[in-house]
Amino acid sequence: MRLRHSLVDPMKPIKKTLPQLLQLCLDKKLCFASYREPGCDIVTLAQDGGEPLRLSVDHEISEQRGFAIAPFVESDSCRPILISPDLISVGDAPDESLFARLEQFGGNSLNGCGDIGETYQCDHAEYLQEVDSLVTAIEAGRFAKAVLSRVEIIRDDIREKVVATYIRMCARYPHSLVYIFQADGHLWLGATPEILASVGQGKLQTIALAATRKNTPENQKFSAWSEKERQEQQYVTDYINDLLISFDLKSVKRGLPYPRQAGNMLHLCTEFSCDSHEIGGKLSPLLQALHPTPAVCGMPKEAARTFLHGLEKHDRQYYSGFLGPVNISPEQISLYVNLRCMQVCRGYAQVYVGGGITSDSVAEDEWTETVLKTKTILSALDN
Ligand SMILES: C=C(O[C@H]1C=CC=C(C(=O)O)[C@@H]1O)C(=O)O
């Protein structure tokens, strides 16, 4: 009897894949990030050495190169950091040689999912009460809008599912920045639709994004959106508009609001752009003034921030901070607000969601909206 030739040539090494590259970065406890911007290839970058660069106010972001991550509020366990690109892989078929190089890279036992201790998870009834106390404060004239957030804890060890979830999210959310990063004791992944600031091809761009509906053909028409929803987004538009004027940017162009897709949802969006030369190569002062916008904090900013600080019992950490690639492609910066995201820890994971509250908010509807937002991550986690 003659044996048939095997279809696999035993002498030819089997090509390794992007999921294997990402798993190697996780297992070696490297500082790394992988991301996919709308319409672009997946980019993976890894750093040789276990600690990311800590960013401070002295670092002008446009002079850096790497994947930048900034928290909502800086703390000892959550700092603004930059992962350096000692190795870059573009696309989903990484070159074989990258695996050998990665094997030589040094990681850090502190990287990867730490056990930071579960964050406070407020339940349905408590969330409704928090919305009501915000509405009361708004009616008393303390501020006009505040963005309340909460955490949903998954009591399961999902570390083995992280890479597959990220790959699924890349396929499912073509309109979002999809990312995974591991650094400084943190492991996060997310799919965010909100550009905070992007610079490239001579343009600076940002958007005012707020108000949420399910993605249906009817909701894709601006006319379907209520006065409450339009007002909720208008606060963000006015804030960004005034801020760009205060920076004396003369070439600012502003579009009309339209419903913009974000996974299974739509948000109202107004696009802003101006000539990037007007900021004279200095993006950091603008970022510091811009962030957090009323899409994640409130209006006026300080009054809302102070009230939220007293109300929310969890630490937002990197949720509603911002992150993205800085000069990975030359002179191209894309920073997104960190929404629709999950922090992976040893034995559990935490999904962060929030929503804008105004005087017309109905507490139960606000809860339902946050449940919808958790689905961005949870549906990709399951299958
Ligand atoms: C704060 C979040 O979303 C913001 C962005 C778009 C729509 C929002 C809203 O409808 O409230 C939020 O302002 C979040 O997803 O956690």
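When the chain is treated as a Gaussian network with alpha carbon springs shorter than 10 Å, the biggest mean-square fluctuation among T293, T216, T358 belongs to T216. Among C274, C25, C170, the largest mean-square fluctuation in a Gaussian network model of the chain, built with springs joining Cα atoms closer than 10 Å, belongs to C274. Assuming charge only on the beta carbon of Lys and Arg (+1) and of Asp and Glu (-1), the dipole of region 191-248 about its Cα centre is about 280 debye to the nearest 20.
Here the dipole of region 31-187 is about 340 debye; that uses its Cα centre as origin and unit charges on the Cβ of Lys and Arg (positive) and Asp and Glu (negative). Running a GNM on the chain with Cα contacts under 10 Å, which residue among F67, F99, F32 ends up with the highest mean-square fluctuation? Answer for the Gaussian network model of the chain: F99. A Cβ-based charge dipole, computed about the Cα centre of region 94-253 with Lys and Arg at +1 and Asp and Glu at -1, lands at about 720 debye.
Can you list the GluC sites (Glu not before Pro) in region 324-370 that are in a DSSP coil and have 14 or fewer other beta carbons within 10 angstrom?
Answer by residue number: E331.
Normalised by 2.2 N^0.38 Å, with N the number of residues, the alpha-carbon radius of gyration of region 81-212 equals 1.42. Note on region 146-297: Cα Rg divided by 2.2 N^0.38 Å, N the number of residues, gives 1.17. For the chain, the longest principal axis of the alpha carbon atoms and the long axis of helix 301-311 meet at an angle near 70°.
Potential lengthening of the chain between A100 and D41 amounts to 19.0 nm, from the contour at 0.36 nm per residue minus the alpha-carbon distance.
Taking max minus min of the alpha-carbon positions on each principal axis, region 209-255 gives extents of 39, 18, 14 Å, largest first. Relative to the globular-protein estimate of 2.2 N^0.38 Å, the Cα radius of gyration of region 277-329 stands at 1.41.
Reported value for region 229-291: 102 Å³ per residue, from the convex hull of its C-alpha atoms. Expressed in Å, the radius of gyration and Dmax of the Cα atoms of the chain are 21.4, 90.
Leaving out ligands and nucleic acids, and using a 1.4 Å probe, what accessible area per residue does the chain come to in Å²?
On the way: 16860 Å² over 383 residues.
Computed with neighbouring chains in place, this is 44 Å² per residue.
At q = 0.12, 0.16, 0.18 Å⁻¹ the log10 of I(q)/I(0) for region 220-324 amounts to -0.51, -0.89, -1.09, computed by Debye summation with a single uniform scatterer per C-alpha, solvent ignored.
At a threshold of 8 angstrom on Cα-Cα distance, excluding pairs fewer than six apart, so keeping six or more, what relative contact order does region 212-315 reach in percent? Display every interim value, and only then the final one.
Working: 94 pairs, mean separation 29.4, N = 104.
Across region 212-315, relative contact order equals 28 percent.
When region 299-383 is described by a simple charge dipole with +1 on each Lys and Arg Cβ and -1 on each Asp and Glu Cβ, the residue from S329, I377, H309 located farthest towards its positive end is S329. For the chain, the relative contact order comes to 25 percent (Cα pairs under 8 Å, sequence separation of at least 6).
The values are calculated or read from the model by the stated rules, or taken from the named source; none is laboratory data. No experiment lies behind these values; they were computed from the predicted model shown. Every residue, glycine among them, receives a Cβ derived from its backbone with ideal geometry; neighbour counts consider all protein chains shown. Accessible surface is based on the protein model in full, side chains and every heavy atom, while ligands, DNA and RNA are left aside. Shrake-Rupley method; radii C 1.70, N 1.55, O 1.52, S 1.80 Å.
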